[in-house]
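The values are calculated or read from the model by the stated rules, or taken from the named source; none is laboratory data. What you are looking at is a predicted structure, and each value in this text was computed from that prediction instead of being measured. Here Cβ is always computed from backbone atoms with ideal geometry, including for glycine, and neighbour counts include all displayed protein chains.
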Amino acid sequence: MLIRYGCSFELQLPQDTPTVCLIDVHTSHAQNIVPNALSFETSPKVPTETFIDDFGNIARRFTAPAGVMRLSLGGLCRADGTLDRRDPSARVLPVDRLPDECLPYLAPSRFCESDLMGPLAWQTFGHLPRDTGLIEAICTYAHERLRFDYAQARATRTASEAHREQVGVCRDFAHLGVTLCRALNIPARYVNGYMGDIGVPVDPNPMDFNAWFDVYLEGGWYTFDARHNCRRIGRIPIAHGRDAADIPMLRTFGAHALSAFHVTTELADAEQAAA
């Protein structure tokens, strides 16, 4: 199947402002992007530089001019129509058998205070077999512990605060899942990306970016989603890092106001939607 994805932002800037944005599809999915389908526009046009950051994310760097600036990006992504990869028998690997790349995803980070939540994690999950079922239990715990509420979104909320307040948005569900995994010595990384209502009832609310998390088990990285607590079709990752602090969609080095925002993720045509 082909999935049409895209986003647009309108910013108000009081002065020329250095900016880094992360809205391209992650390099791990580059082979799935239909050639020449990707575009990036600013109004007025400004020169941009593209680089790959330490996590393999595609970043664009530019100086946003004072006034109103509009960014838009869109494209087509091939997907095989299957649910998120999952192996029920995959086991948690001992730390001494983990690849070096996993080590940063074991440590506490800005929003994932695994050191603070260690006692809770071991008390709640320490008795379970160390396999995929353990991660699924963590997802169910976070899903039931937090109440989803856009009105309660807070950019500075940490995993332990979300657990205490029992409310959050998708990033808080993901942060809590990541934190509980790391507290149990299981590598977990935060992911944001596009995820449309494919194979599920359509959500009447305006579409947004989504956050989930990846866990390294025997056999590699596997995707888990504490917000929806189910496997989904057609996720398109944009960026992954230790937590949301590593991968903001827009990082401006100066003041800005977001005056408009839109995200689209859908099957590319009606024929595919019917299929």
Fill in: Answer residue from the range 192-228, given it is of a type in the set (D, E, K, R) and more than 18 Å from residue 142 (Cβ to Cβ) and is modelled with the lowest pLDDT among those
203
Worksheet item: Which of the residues belonging to the range 1-49 are at pLDDT 90 or above, touching a Lys or Arg at 6+ places or on another chain (Cβ under 7 Å) and farther than 21 Å from residue 248 by Cα?
Response: 2
Practice prompt. Specify which of the listed residues (182, 189) is at pLDDT 95 or above, buried (at least 23 other Cβ atoms within 10 Å of the Cβ) and in contact with a Pro (Cβ under 8 Å, 6 or more places away or on another chain).
Written response: 182
Practice prompt. Report whether or not residue 164 is assigned to a loop (DSSP other than H, G, I, E, B), at pLDDT 95 or above and among the basic types (Lys, Arg).
Written response: no
Worksheet item: So which residues in the range 192-228 are within 30 Å of residue 129 (Cα to Cα), surrounded by fewer than 16 Cβ atoms within 10 Å (Cβ to Cβ) and out of contact with any strand residue (DSSP E or B) (no Cβ under 7 Å at 6 or more places or on another chain)?
Response: 219, 220
Worksheet item: Which of the residues spanning the range 155-179 are surrounded by fewer than 24 Cβ atoms within 10 Å (Cβ to Cβ) and polar (S, T, N, Q)?
Response: 156, 158, 160, 166
Fill in: Residue match in the range 250-271 (condition: assigned to a loop (DSSP other than H, G, I, E, B), assigned by TED's automatic domain parsing to the domain that holds residue 10 and either closer than 19 Å to residue 2 by Cα or among the acidic types (Asp, Glu) (or both))
yes
Worksheet item: Inside the range 25-104, counting only strands (runs of 3 or more DSSP E) that do not spill past its ends, which hold 3 or more residues that are in contact with a Ser or Thr (Cβ under 7 Å, 6 or more places away or on another chain)?
Response: 58-64, 67-78
Item to complete: Six or more apart or on different chains, Cβ under 6 Å: which pairs go from a residue in the range 213-238 that's at positive phi to one that's acidic (Asp, Glu) and modelled with pLDDT of 95 or more? Could you list them?
Response: 219/87
Practice prompt. Consider residue 183 carefully, then state whether it is out of contact with any Asp or Glu (no Cβ under 7 Å at 6 or more places or on another chain), within 24 Å of residue 115 (Cβ to Cβ) and among the aliphatic types (A, V, I, L, M).
Written response: yes
Worksheet item: What are the residues in the range 193-206 that are closer than 18 Å to residue 22 by Cα and of a type outside the set (Phe, Trp, Tyr), if any?
Response: 193, 195
Worksheet item: In the range 88-110, which residues are touching a Phe, Trp or Tyr at 6+ places or on another chain (Cβ under 8 Å) and closer than 21 Å to residue 137 by Cα?
Response: 90, 93, 105
Worksheet entry | Within the range 1-24, considering residues that are of a type in the set (Val, Ile, Thr), part of a strand (DSSP E or B) and under 18 Å from the mean Cα position of the chain (by Cα), the one surrounded by the most Cβ atoms within 10 Å (Cβ to Cβ) | 3
Worksheet item: Which of the residues spanning the range 174-219 are part of a loop (DSSP other than H, G, I, E, B) and within 14 Å of residue 106 (Cβ to Cβ)?
Response: 184, 185, 186, 187
Response to the item:
All conditions in (1) within 30 Å of residue 6 (Cα to Cα); (2) out of contact with any helix residue (DSSP H, G or I) (no Cβ under 8 Å at 6 or more places or on another chain); (3) in a loop (DSSP other than H, G, I, E, B) are true of residue 111 except (2)
Item to complete: Out of the residues in the range 147-161 that are in a loop (DSSP other than H, G, I, E, B) and in contact (Cβ under 8 Å) with a residue 40 or more places away in the chain, state the one that is nearest to residue 113 (Cα to Cα).
Response: 158
